[in-house]
Amino acid sequence: MKLAMMALAAVAVCAAADLTVLPAHVRVDPFGQVLKADAGAGVAPARAMTVETARAAHVSCRLVVSSAAPVAYTLAVSGGLEAELFREWFHYAPKAKTYYADALAPVGLPAAAELPAADNKVAGQTAQSYWLDLWMPANARVGAEKITVTLTAGGKKSTVVVNVRVADATVPEKDVVVMDHNAYGTSWFGGQYPGLAKKPGFYLSDEFFELIHAYHRVFYEHRGLFHQLGYGHGGKVGPEFAPRLEGAGKNKRVADWTYYDKHYGPLFDGSAFAKTRRGAQPIPYVYTPINPEWPASYLWWGEPGYEREFVNVVREMEAHFRAKGWTKTKLELFFNHKKRYKAFEWDGDETRFPKDFERFREYQRLMKAAMPADSPVAWVYRTDASWQMERQFKELAGVIDFWVCGGGMFGWYLEQGLERKRQGDAVWVYGGTPPVFRPSSHVTKEVLETWMLGVDGFVRWLTVSPGDDPWFRFEGGGETMVYPGERFGVAGPVASVRLKLERNALEDLALLDSFSASVGAEKLRAEVARRYNGTAVKDWHAPRPRLADGDPSEWTNADIDEATMKDERFDGKLDAGAWDRVRGYVMELAKEARR
């Protein structure tokens, strides 16, 4: 056995290896083959590649190290741009019997590694892919930059060249759509971070709150937002999500802000993001702990005692936020329960029965009773709408001012939703996250759809749940955009390939939208739809079906599914190169604007 190990080590030292480059939207498997899902892009590994970008933006590509025999190697990056390198983890998906690269482990430069990668445990692995991020600061020099990546293995060198053309255009700092990434509570920390969770006193410790902030940071750094709901369907609130209360009735009050302030203070003043490239900025939206059971006991609903408890505590919250200067973040009054969960007898989330609308009006009255008329604290009243969306737009106008709408149904009522936006309300849509089995461009569809519809944001409903064993028995990642980094020595989340692709699309979209005044918004949308998947603007929302004229309380999920738009151009026929074509158009506009 010892001799065999020595022989393997000798081969690893002496074996040759090869290096190639691919566009960011094309993935390979552990054997160097382009994935079938991305093959439609018509791209093969190459020795050189040219990319175009604007300033204040990232440009990305993939590097592939290949060797038929085990090999030890190093990778170095040289040139005039800031570079970050990530090793792509190959997740084995038993159902597909295929490997998919998605989790990104940060590696220092120069990077030293071996093939096969011992921790990834891929039998017969002959290729390792890397994600390379290149950053163009706002003051980047316009013109050409040459990046050289050098692979050294067995005493031999192999190089690829990435030619970067920097356009005389700057990506705006502000996004034109919000990409929101949703999560629930913190109970999942224990399963995803066993090393941290086993430490005595981890829960509510400095490390615990730093982990929460790390999740906010990873999405913030990728131009996204992280939403973490802190109460359950029965109204129970975790101590990290709400101040501790004491007393009852007219004596109900806040007893201690310690954990709440430790959690939210760095998010509300932006200091949690001070060391990021984007700098310190307060989070734009946040769930509050308010629900039917908090701060007032639902036992007293309909009695004067409920109003006293509610008004007392919410008034204290407003005063606390005002005193701290936490006035930039929109604080959401939001109800996440459903009647069928048997905790409360009405639907707060995805309300199905119009009789429940009165509860929303009553909570508006309670909030007004608690709020000083001149309060600078930014409260919003949010509802997530589906079944009764059309009726809610009409009957709760002036009550709700933050609408998060089921994406499949929103197109049926598009004009009513856009009217709420014209009246000053925020309007988002929600949906899921495409799994890795889809072509890589699928993760950009929701970014573009939100802009095409003319609304403000998109919520990916669950984005931190990679599954019980995402590393060796992967379920596809349809409920995650990040992975626990403990495996890679990171005490927090690491980004996925899909999160990087989403970020790049958001940067491109911000620049694209900046040309609306000169080119015309409708012309931009028409050309982007054509290039993305051969559609027209009208194809991006479903026409009103006959079902919408019936009584929503009588619909079934099967009815809704049958009536929801199904167009293969947005699904099976959407190829991996879809966003790359949009990006090409953005770069064309950037060059034309300077002529």
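Collect the residues in segment 293-317 that are over 27 Å from ASP425 (Cβ atoms), part of a helix (DSSP H, G or I) and not polar (S, T, N, Q), keeping them in residue-number order.
Once the filter is applied, which keeps residues that are over 27 Å from ASP425 (Cβ atoms), part of a helix (DSSP H, G or I) and not polar (S, T, N, Q), segment 293-317 yields TYR298, LEU299, TRP300, PRO304, GLY305, TYR306, ARG308, GLU309, GLU316.
Go through segment 318-334 and report how many residues are touching a Phe, Trp or Tyr at 6+ places or on another chain (Cβ under 8 Å) and outside any helix (DSSP H, G or I).
Total meeting the criteria: 9.
When the residues of segment 148-172 are filtered to those that are within 24 Å of LEU85 (Cα to Cα) and under 29 Å from the mean Cα position of the chain (by Cα), which remaining residue is surrounded by the fewest Cβ atoms within 10 Å (Cβ to Cβ)?
ARG165
Have a look at VAL459, VAL497 and point out the one that is surrounded by 20 or more Cβ atoms within 10 Å (Cβ to Cβ) and either in contact with a His (Cβ under 8 Å, 6 or more places away or on another chain) or free of Cβ contacts under 8 Å to residues at least 40 places away in the same chain (or both).
After ruling out the rest, the residue left standing is VAL459.
Find the residue count for segment 78-102, including only residues that are part of a strand (DSSP E or B) and either of a type outside the set (A, V, I, L, M) or surrounded by 21 or more Cβ atoms within 10 Å (Cβ to Cβ) (or both). Outline the logic, then answer.
Here is the first cut: in segment 78-102, the ones part of a strand (DSSP E or B) are 78, 82-93, 98-102.
Subsequent filtering for residues that are either of a type outside the set (A, V, I, L, M) or surrounded by 21 or more Cβ atoms within 10 Å (Cβ to Cβ) (or both) retains 78, 82, 84-92, 98-102.
Total satisfying the criteria: 16.
Can you run down the residue pairs with Cβ atoms below 8 Å, 6 or more apart or on separate chains, where the first is in segment 525-540 and touching a residue at least 24 places away in the same chain (Cβ under 8 Å) and closer than 10 Å to GLU449 by Cα and the partner is part of a helix (DSSP H, G or I) and among the β-branched types (Val, Ile, Thr)?
Matching pairs, first to second residue: ALA529/VAL537.
Each row is one residue, and each column tells you yes or no for (1) at pLDDT 95 or above; (2) of a type in the set (S, T, N, Q); (3) over 20 Å from PRO434 (Cβ atoms).
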residue: MET49; (1), (2), (3): yes, no, yes
residue: THR53; (1), (2), (3): yes, yes, yes
residue: HIS58; (1), (2), (3): yes, no, yes
residue: VAL71; (1), (2), (3): yes, no, yes
residue: VAL77; (1), (2), (3): yes, no, yes
residue: TYR99; (1), (2), (3): yes, no, no
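Counting just the residues of segment 215-230 that are in a helix (DSSP H, G or I) and buried (at least 17 other Cβ atoms within 10 Å of the Cβ), which one comes out nearest to the chain's Cα centre (by Cα)?
In this case the residue turns out to be PHE219.
Just checking, does segment 548-559 include any residue being of a type in the set (A, V, I, L, M, F, W, C) and closer than 18 Å to TYR413 by Cβ?
Yes, segment 548-559 has at least one match.
Report, by residue number, each residue of segment 474-494 that is closer than 16 Å to VAL107 by Cβ and buried (at least 24 other Cβ atoms within 10 Å of the Cβ).
Residue satisfying the conditions is TYR483 alone.
For segment 427-453, give me the residue count where each residue is within 20 Å of VAL528 (Cβ to Cβ) and either small (Gly, Ala, Ser) or in the same structural domain as VAL34 (by TED's automatic domain parsing) (or both).
Adding up the residues that qualify gives 3.
Return yes or no: is PHE321 crowded, with 17+ Cβ neighbours inside 10 Å, touching a strand residue (DSSP E or B) at 6+ places or on another chain (Cβ under 6 Å) and either of a type in the set (Val, Ile, Thr) or under 24 Å from ASN182 (Cα atoms) (or both)? Spell out how you get there, then give the answer.
Working: crowded, with 17+ Cβ neighbours inside 10 Å: yes; touching a strand residue (DSSP E or B) at 6+ places or on another chain (Cβ under 6 Å): no; either of a type in the set (Val, Ile, Thr) or under 24 Å from ASN182 (Cα atoms) (or both): yes.
Answer is no for this residue.
Let's see how each residue does on (1) outside the structural domain of ARG460 (by TED's automatic domain parsing); (2) closer than 17 Å to LEU462 by Cα; (3) touching a His at 6+ places or on another chain (Cβ under 7 Å):
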position: TYR184; (1), (2), (3): no, yes, no
position: PHE189; (1), (2), (3): no, yes, no
position: GLN192; (1), (2), (3): no, yes, no
position: ALA197; (1), (2), (3): no, no, no
position: LEU204; (1), (2), (3): no, no, no
position: ILE212; (1), (2), (3): no, yes, yes
position: HIS216; (1), (2), (3): no, yes, no
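What's the number of the condition ALA248 fails, among (1) within 20 Å of LEU366 (Cβ to Cβ); (2) in contact with a strand residue (DSSP E or B) (Cβ under 6 Å, 6 or more places away or on another chain); (3) of a type outside the set (Val, Ile, Thr)?
Against the list (1) within 20 Å of LEU366 (Cβ to Cβ); (2) in contact with a strand residue (DSSP E or B) (Cβ under 6 Å, 6 or more places away or on another chain); (3) of a type outside the set (Val, Ile, Thr), ALA248 comes up short only on (2).
For segment 177-197, what are the residues that are out of contact with any helix residue (DSSP H, G or I) (no Cβ under 9 Å at 6 or more places or on another chain) and either part of a helix (DSSP H, G or I) or not polar (S, T, N, Q) (or both)?
TYR184, GLY185, TRP188 - these are the residues of segment 177-197 that are out of contact with any helix residue (DSSP H, G or I) (no Cβ under 9 Å at 6 or more places or on another chain) and either part of a helix (DSSP H, G or I) or not polar (S, T, N, Q) (or both).
So which residues in segment 15-44 are assigned to a helix (DSSP H, G or I) and either in contact with a strand residue (DSSP E or B) (Cβ under 9 Å, 6 or more places away or on another chain) or not assigned by TED's automatic domain parsing to the domain that holds PRO116 (or both)?
Within segment 15-44, LYS36, ALA37, ASP38, ALA41 qualify.
When LYS355 is evaluated against the numbered criteria (1) of a type outside the set (S, T, N, Q); (2) farther than 19 Å from PRO292 by Cβ; (3) free of Cβ contacts under 8 Å to residues at least 12 places away in the same chain, which criterion, by number, is the only one it fails?
(2)
Consider only pairs whose beta carbons are under 6 Å apart and that are at least six residues apart or on different chains; among these, list those whose first residue lies in segment 479-490 and is hydrophobic (A, V, I, L, M, F, W, C) and whose second residue is assigned to a loop (DSSP other than H, G, I, E, B).
MET481/THR463
Filter segment 554-577 for residues that are touching a Leu at 6+ places or on another chain (Cβ under 9 Å) and surrounded by 14 or more Cβ atoms within 10 Å (Cβ to Cβ); which is farthest from GLY520 (Cα to Cα)?
Restricting attention to segment 554-577, the residues satisfying the condition of being touching a Leu at 6+ places or on another chain (Cβ under 9 Å) are 555, 559-560, 562-563, 568, 576.
Filter again for surrounded by 14 or more Cβ atoms within 10 Å (Cβ to Cβ), leaving 555, 559-560, 563, 576.
On the way: TRP555: 40, ASP559: 38, ILE560: 35, ALA563: 33, ALA576: 27 Å.
Checking each candidate, the answer is TRP555.
Given the condition of a type in the set (Phe, Trp, Tyr) and surrounded by fewer than 16 Cβ atoms within 10 Å (Cβ to Cβ), answer yes or no: does some residue in segment 392-400 qualify?
So far as segment 392-400 goes, no, none of its residues is of a type in the set (Phe, Trp, Tyr) and surrounded by fewer than 16 Cβ atoms within 10 Å (Cβ to Cβ).
The values are calculated or read from the model by the stated rules, or taken from the named source; none is laboratory data. Just so it is clear, the model here is predicted, and its values are computed rather than measured. Neighbour counts are summed over all protein chains in view; Cβ atoms, including those assigned to glycine, are modelled from backbone coordinates with ideal geometry.
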